[in-house]
Amino acid sequence: MAVKKKTVFFCQNCGYESAKWMGQCPACHEWNSFVEEPKEKAAAGSGIRRRGTASKPVLLRDVSSLENERTLVGMPEFDRVLGGGIVKGSLVLIGGDPGIGKSTILLQAAELLAAKGKKILYISGEESLAQIRMRAERLGAIPDGLFLFCETNLGDIREVIETEKPDICVVDSIQTMFNEEVASAPGSVSQVRESTNVLMMLAKGLGVSIFIVGHVTKEGAVAGPRVLEHMVDTVLYFEGDRYASYRILRAVKNRFGSTNEIGVFEMREAGLAEVPNPSEYMLSGRPEHASGSVVACTIEGTRPVLVEIQALVARTAFGVPRRTAAGCDYNRVNLLLAVLEKRCGLDMSSCDAYINIAGGIRLNEPALDLGIVLAAASSLRDIEIPESVCAFGEVGLAGEVRAVGQAENRVREAKRLGFKRVIVPRANMAGLKKIGDIEIVPVETAREAIFAAEKKL
């Protein structure tokens with residue numbers, strides 16, 4: 001008589017374990033997230049001791065810092081998102097849609113690091129050696145010091161890393177790796193969690209910086225348990241339309257730097273090229289002498305970025321007006337249109353409204369509120385706002401324009417790109433100095449901002 005294997009149920013979102021199936025996870029409250037898998041054996045990798053750890057507590061002041069051990073990739077946009085380079089012994093997860101460029105940017109980074117004399121180990125579970133060579137030839141030169149290893153067995157991968165001791169290792173992808181001591185299929189909750197645990201202990205124990213590629217679900221989150229993002233040191237997401245040329249690398253978790261930094265890349269025939277001036281890139285192709293177009297300034301990490309906000313407001317032919325928002329929060333757009341109706345006396349309830357952030361970038365900073373309000377008012381009244389006008393500020397429900405952070409950096413960016421007038425919240429004027437010959441117009445309400453924006457230079 002065959003012995004039935006013992007199984008347990010795991011939550012795909014957070015990794016919670018249960019002896020029976022449940023409709024809602026008691027830990028993360030996600031519905032229908034439990035899957036049945038064979039009961040796993042003892043976790044592998046538990047015998048690896050982290051490098052530099054001791055069997056007794058040590059004083060914090062006696063621990064050496066790793067800040068001076070960062071390695072610059074040679075791609076300023078990539079280094080900025082990482083917080084200033086790769087930290088020794090760190091574990092970095094990169095996620096994104098299929099075809100967005102995850103493997104491409106990691107192979108380009110590996111080639112740059114190998115050209116600097118670093119020993120790089122590129123592990124692939126999805127491509128053959130010949131396929132990786134063909135992609136490397138398309139991207140550029142093939143330096144010495146870049147080793148390839150096509151394998152999915154984590155035991156063999158662990159032996160190679162311990163033997164070769166590379167400076168940096170790339171694992172593409174974590175969903176293809178399997179641990180023989182875990183009785184479930186590759187890509188399952190148990191396999192992803194235990195494989196990441198082994199790689200984490202290797203990174204900390206041997207001081208090897210490891211990059212792992214993670215597949216994403218249709219909702220855009222990294223596939224596997226949510227605990228995967230908690231285990232790694234840094235989580236990077238590649239965003240953007242796979243059919244467009246631009247790509248945005250964004251940090252959503254970073255133990256060694258800011259989580260607000262972005263890197264802008266452009267997909268070309270020879271791979272990903274950096275966009276050092278994203279403001280100029282986002283404003284390219286802006287229409288001339290057109291109503292409903294306003295330039296606003298947002299802050300991504302420490303970098304000010306100018307974007308074009310477009311609005312199209314037209315009389316509706318239906319009883320309920322239609323609202324569409326691309327690149328910004330839909331509910332926020334509805335709120336701002338209601339402010340225009342109530343506080344500014346504009347008839348928005350009988351009009352369809354379409355708001356778009358040109359360039360395909362998605363932003364949610366409140367400083368874009370004033371730009372959305374000005375663009376919608378300009379389109380409704382069909383009055384052009386001069387091309388050399390820039391605006392930023394948060395708009396409240398009373399129609400007031402509230403202060404935002406880093407106002408001086410925003411004004412400097414507008415001046416650098418040739419803008420003549422910038423509309424700012426009056427509350428920001430206390431700490432704002434005169435910058436060159438650019439005209440700074442402080443406003444207190446959205447109504448006042450509309451008149452200031454439409455005024456001829």
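Each residue of segment 288-295 is assigned a 3J(HN,Hα), and the resulting list reads 9, 6, 10, 6, x, 10, 9, 9 Hz, derived from the Karplus form 6.51 cos²θ - 1.76 cosθ + 1.60 (θ = phi - 60°), x at Gly and Pro.
Please enumerate, by chain and number, the lysines with C-alpha under 19 Å from the C-alpha of residue 102, excluding those fewer than 8 residues away in the same chain. Cα-Cα hits under 19 Å: 218, 253.
Pull out a ≥ b ≥ c, the square roots of the eigenvalues of the alpha-carbon gyration tensor of segment 254-350, then state rounded if a/c is under 1.5, prolate if not and a/b is larger than b/c, and oblate in the remaining case. Judged from the Cα gyration tensor, segment 254-350 comes out prolate (a/c at least 1.5, a/b above b/c).
Quick one: putting +1 on the C-beta of Lys and Arg, -1 on the C-beta of Asp and Glu, what dipole do you get for the chain around its Cα centre, in Debye to the nearest 20? The calculated dipole for the chain is roughly 860 debye. Taking Cα atoms only, the orientation of helix 129-139 departs from the longest principal axis of the chain by about 30 degrees. Stokes-Einstein, applied to the Kirkwood radius of segment 54-169 over Cα pairs at a viscosity of 0.692 mPa s and 37 °C, places its translational diffusion at 206 µm² s⁻¹. Taking the longest Cα principal axis of the chain as reference, the axis of helix 369-381 is set at about 50 degrees. Out of all Cα-Cα pairs in segment 271-319, roughly what percent, to the nearest whole number, are more than 16 Å apart? Of all Cα-Cα distances in segment 271-319, 55 percent exceed 16 Å.
Counting only aspartates and glutamates at least 8 places from residue 119 when in the same chain, those with an alpha carbon closer than 13 Å to its own are 111, 144, 164, 167. Going toward the positive end of the dipole of segment 161-306, with +1 on Lys and Arg Cβ and -1 on Asp and Glu Cβ, which of 293, 161, 178 do you reach last? Selected residue: 293. Phi angles of segment 67-81 translate, via the Karplus equation with coefficients 6.51, -1.76, 1.60 and θ = phi - 60°, into HN-Hα couplings of 4, 7, 9, 5, 10, 7, 6, x, 10, x, 5, 5, 4, 5, 5 Hz per residue; Gly and Pro are given as x. Directionally averaged projected area (segment 326-457, Cα convex hull): 7.6 nm². Dividing the radius of gyration of the alpha carbons in segment 179-312 by their Kirkwood radius gives 1.08 for Rg/Rh.
When Rg and the Kirkwood Rh are both derived from Cα coordinates, the Rg/Rh ratio for the chain amounts to 1.04.
Dividing the helix sum by the residues of the chain, where each DSSP H run of 4 or more adds -39500 (n - 2.57), gives a mean residue ellipticity at 222 nm of -8000 deg cm²/dmol.
The value obtained for segment 409-457, namely the Cα convex hull volume divided by the number of residues, is 70 Å³ per residue. Loop-located trypsin sites (Lys or Arg not before Pro) in segment 186-270 (DSSP state other than H, G, I, E, B) with a sparse environment of at most 13 neighbouring Cβ atoms within 10 Å: 218, 242, 255. Against the main long axis of the alpha-carbon atoms of the chain, helix 154-164 sits at an angle near 90°.
Shown is the FRET efficiency for residue 65 and residue 142, computed with R0 = 30 Å from the Cβ-Cβ distance and rounded to the nearest 0.05: 0.25.
For the chain, the per residue solvent-accessible surface stands at 47 Å², with DNA, RNA and ligands left out and a 1.4 Å probe. Please give every one of the lysines within straight-line cross-link reach of residue 420, meaning a C-alpha to C-alpha distance under 22 Å, and leave out same-chain neighbours fewer than 8 residues apart. Candidates past the 8-residue exclusion: 433, 434, 455, 456. Taking a point 7 Å out from the Cα of residue 133 in the direction of its Cβ, the residues of segment 147-173 whose backbone N falls within less than 12 Å of it are 148. With all protein chains in place and a 1.4 Å probe, the accessible surface of segment 116-213 carries 52 percent carbon and sulfur. Rg and Dmax over the alpha-carbon atoms of segment 196-273 stand at 14.3, 41 Å. Estimate the FRET efficiency between residue 320 and residue 384 by the formula 1/(1 + (r/R0)^6), using the beta-carbon distance for r and 30 Å for R0, to the nearest 0.05. Using R0 = 30 Å, I get an efficiency of 0.55.
The fraction of accessible area contributed by carbon and sulfur in segment 398-450 is 47 percent, rounded to a whole number (1.4 Å probe; ligands and nucleic acids excluded).
Solvent-accessible area assigned to carbon and sulfur over segment 288-386 amounts to 51 percent, based on a 1.4 Å probe.
The values are calculated or read from the model by the stated rules, or taken from the named source; none is laboratory data. If you're wondering where the values come from, they're calculated on a predicted model, not measured in any experiment. FYI the Cβ positions are ideal-geometry reconstructions off the backbone, even for glycines, and counts take in every protein chain you see. Ligands, DNA and RNA are stripped out before the accessible areas are found, and what is left, the full protein with its side chains, is counted by its heavy atoms. Shrake-Rupley method; radii C 1.70, N 1.55, O 1.52, S 1.80 Å.
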